[in-house]
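Chemist: Before I ask anything, here is the structure I am working with.
The values are calculated or read from the model by the stated rules, or taken from the named source; none is laboratory data. The structure displayed is predicted, hence computed values, not measured ones. A quick note on method: Cβ atoms are made from the backbone with ideal geometry, for glycine too, and the neighbour counts reach across all protein chains shown. Each accessible area value is taken on the protein alone, full model and side chains, heavy atoms only, with ligands, DNA and RNA left out. Shrake-Rupley method; radii C 1.70, N 1.55, O 1.52, S 1.80 Å.
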Amino acid sequence: MQTDNIFLIGFMGVGKSTMARLLAEALQMELIEMDETIEAEQEMTINEIFAQKGEEGFRDIESALVERISQEKKAIISCGGGAVLRAKNVENMKKSGKIIFLTATPQTIFERVHNSTNRPLLNNNMNVEYIAQLMERRREIYEKSADVIIATDEKDQDMILEELLNTI
Ligand code: S3P
């Protein structure tokens, strides 16, 4: 029986929320979607938080949530794409569970997110080149943080879920 937290990390649009939900259902565990939790607690959208408090203000809220989640051990957590940018967050995650990094190519990400407007970092940069650049800047952090890496390109949800379950 899985008792530690499982953190799904990776770039925006890689499918963390969907896979976290399916994994939580399969394992009968609690699901925490970080951005949804932040929006509910702050009573603001992610766009509004970025606009009012800036990215650093958002990161402070995000870090406080990671710290809180890490004090309990029992959920599947869909992390915001930048949640591993602060080393302290990664440290907190590792202390309380396992980190699984979902990957996809910039092209796949673009296809999944190009109609969405709720990601402030992409709102004025919605193109494959920008996604590739930002992904490259973060790649090492994602890789170093991860206990397990799962590529999602050209895989359906069932295949990804099976891989997730096999690593747990
Ligand atoms: C961010 C990812 C978003 C959200 C915020 C910042 C990032 O979450 O936390 O817009 O820096 O990668 P998703 O990965 O769930 O889109």
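Chemist: Taking 0.36 nm per intervening residue step and subtracting the Cα-Cα distance, what contour gain separates Asp60 from Leu27 on full extension? It would help to have the intermediate numbers written out before the result.
Modeler: Values: separation 33, 0.36 × 33 = 11.88 nm, distance 3.05 nm.
Length gained between Asp60 and Leu27: 8.8 nm.
Chemist: Rounded to the nearest 20 debye, what is the charge dipole size of the range 1-72 about its Cα centre when +1 sits on each Lys and Arg Cβ and -1 on each Asp and Glu Cβ? Let's see the in-between values first.
Modeler: On the way: 5 positive and 16 negative charges, 52 e Å.
Result for the range 1-72 is approximately 260 debye, rounded to the nearest 20.
Chemist: Right, something else. Just add up the charged neighbours of Arg86: K/R +1, D/E -1, any other residue whose Cβ is under 10 Å from the Cβ of Arg86. Kindly include the intermediate steps, with their values, before the conclusion.
Modeler: On the way: positive: Arg59, Lys88; negative: Asp60, Glu62, Glu91.
So the environment of Arg86 carries a net charge of -1.
Chemist: From zero up to wherever the largest Cα-Cα distance of the range 124-168 sits, split into 10 Å bins and tell me the percent of pairs in each.
Modeler: Histogram of Cα-Cα distances, whole percents per bin: 23, 36, 36, 5.
Chemist: In the range 1-91, which trypsin sites (Lys or Arg not before Pro) fall in coil by DSSP and have 16 or fewer other Cβ atoms within 10 Å?
Modeler: Numbers: sites: Lys16, Arg21, Lys53, Arg59, Arg68, Lys73, Lys74, Arg86, Lys88; in loops: Lys73, Lys74, Arg86.
For trypsin sites (Lys or Arg not before Pro) across the range 1-91 that sit outside H, G, I, E and B with at most 16 neighbouring Cβ atoms in 10 Å, the list reads Lys73, Lys74, Arg86.
Chemist: Let me ask you something else. Under the definition of Cα pairs under 8 Å and six or more residues apart, what whole-number percent is the relative contact order of the chain?
Modeler: Values: 236 pairs, mean separation 56.2, N = 168.
In percent, rounded to a whole number, it is 33.
Chemist: Using a 1.4 angstrom probe on the protein heavy atoms only, could you order Leu22, Leu165 from most to least accessible area?
Modeler: Values: Leu22 35, Leu165 65 Å².
The residues order as Leu165, Leu22, largest area first.
Chemist: Looking at the range 139-168, which trypsin sites (Lys or Arg not before Pro) are in a loop (DSSP not H, G, I, E or B) and have at most 16 other Cβ atoms within 10 Å? Don't jump to the answer; show the numbers that get you there.
Modeler: Working: sites: Arg139, Lys144, Lys155; in loops: Lys155.
Here the sparse-neighbourhood loop sites are Lys155.
Chemist: How large is log10 I(q)/I(0) at q = 0.18 Å⁻¹ when the Debye formula is applied to the Cα atoms of the range 38-132, each weighted equally and without solvent?
Modeler: Taking Cα atoms of the range 38-132 as identical point scatterers yields -0.97.
Chemist: Now, a different point. In the range 31-132, what GluC sites (Glu not before Pro) fall in a loop by DSSP, with at most 12 other Cβ atoms inside 10 Å?
Modeler: On the way: sites: Glu33, Glu36, Glu39, Glu41, Glu43, Glu48, Glu55, Glu56, Glu62, Glu67, Glu72, Glu91, Glu111, Glu129; in loops: Glu43, Glu72.
Sparse-neighbourhood loop GluC sites (Glu not before Pro): Glu43, Glu72.
Chemist: With a 1.4 Å probe and every protein chain left in place, work out the accessible area per residue of the chain in Å², rounded to a whole number.
Modeler: Values: 8610 Å² over 168 residues.
It amounts to 51 Å² per residue over the chain.
Chemist: To the nearest 20 Debye, how big is the dipole of the range 120-168 about its Cα centre, given +1 on the beta carbon of each Lys and Arg and -1 on that of each Asp and Glu? Mind dumping the intermediate values first?
Modeler: Values: 5 positive and 11 negative charges, 74 e Å.
Magnitude of the dipole: close to 360 debye.
Chemist: Is the chain rounded, prolate or oblate when judged by the Cα gyration tensor, a ≥ b ≥ c being the square roots of its eigenvalues, rounded requiring a/c under 1.5 and prolate requiring a/b larger than b/c?
Modeler: Details: a/c = 1.56, a/b = 1.13, b/c = 1.38.
Oblate, because a/c is 1.5 or more while a/b does not exceed b/c.
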